[in-house]
Amino acid sequence: MALVGVLALQGSFNEHIAALRRLGVKGVEIRKPEQLENVGSLIIPGGESTTMAKLAEYHNLFPALREFVNMGKPVWGTCAGLIFLANKAAGQKTGGQELVGGLDCTVHRNFFGSQIQSFETELSVPELASKEGGAEFYRGVFIRAPAILDVGPDVLVLADYSLSSKELDSIAALQAQNQEENAWSGKKVIVAVRQGNLLGTAFHPELTADTRWHSYFLRMINDVGEGASSSIVAVGAE
Ligand code: GLN
């Protein structure tokens, strides 16, 4: 039986495991490099990416995580997990933060501001439309969220977000206050991407009752494959 690993150093790993369980799939907590050998795919949860990076460094996880990504195994990063997967992180307090990398994009940490600028919004995600023509709208939960500012040619944009003029003003003020070089001036940011075996979302599907992103990742695992192991087998929904 194939299992989905969930990096369990910090952040919302329990919520991801619960969402997988609702779909009848077992999520396995990963804290040590050797535990990655037991799983064919991995979710890196939201949380706090600098803390997660320090813990990953302490447990010597970075080389094993990079190898996992480079072997083409499916990996999904949500929020802080997306930052982990990005090739480049921009913005305040990113200096020296170690990243796993692999996803050809630049992610800006805390793009929208601090905790009080957290928000929920309706996103249009064509990939989530059902074959029967079901809804493609998805309610994204953004908590001190990053945003993707640019992507490489192999990256498929799954969802973007148009900034209101109020948000543009507050982001410009924040970037000026933090004396950021190359302040952002675009009107849209990218919030969900796919690049082959890698999936990244700036929001938190694990904090909602809507499991469509988890289902999307399970489909991705079946499409991409997970090396030697077999496809995902349900273990009985709750
Ligand atoms: N702002 C956080 C960071 O930089 C991510 C927030 C989250 O995962 N909800 O790590």
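Among the residues of segment 138-172, the ones that are more than 16 Å from ALA202 (Cα to Cα) and either free of Cβ contacts under 8 Å to residues at least 24 places away in the same chain or in a loop (DSSP other than H, G, I, E, B) (or both) come to 9 in all.
A single entry from GLY27, GLY77, GLY40 fulfils the requirement of being in contact with a strand residue (DSSP E or B) (Cβ under 6 Å, 6 or more places away or on another chain) and within 11 Å of the ligand (Cβ to nearest atom): GLY77.
Close Cβ contacts (under 8 Å, 6 or more residues apart or on different chains) running from residues in segment 22-35 that are over 21 Å from ASN222 (Cβ atoms) to residues that are aromatic (Phe, Trp, Tyr) comprise GLU29/PHE13. Do the conditions hold for LEU61, that is, is it within 15 Å of the ligand (Cβ to nearest atom), at pLDDT 95 or above and either crowded, with 23+ Cβ neighbours inside 10 Å or of a type in the set (A, V, I, L, M, F, W, C) (or both)? The answer is no for LEU61. Per the conditions (1) out of contact with any strand residue (DSSP E or B) (no Cβ under 8 Å at 6 or more places or on another chain); (2) within 16 Å of the ligand (Cβ to nearest atom), the sole criterion not satisfied by SER12 is (1). Here VAL193 does not qualify as surrounded by 21 or more Cβ atoms within 10 Å (Cβ to Cβ), in contact with a Phe, Trp or Tyr (Cβ under 6 Å, 6 or more places away or on another chain), hydrophobic (A, V, I, L, M, F, W, C) and in a strand (DSSP E or B).
The values are calculated or read from the model by the stated rules, or taken from the named source; none is laboratory data. The structure displayed is predicted, hence computed values, not measured ones. All Cβ positions, glycine included, derive from the backbone under ideal geometry; neighbour counts span all protein chains shown.
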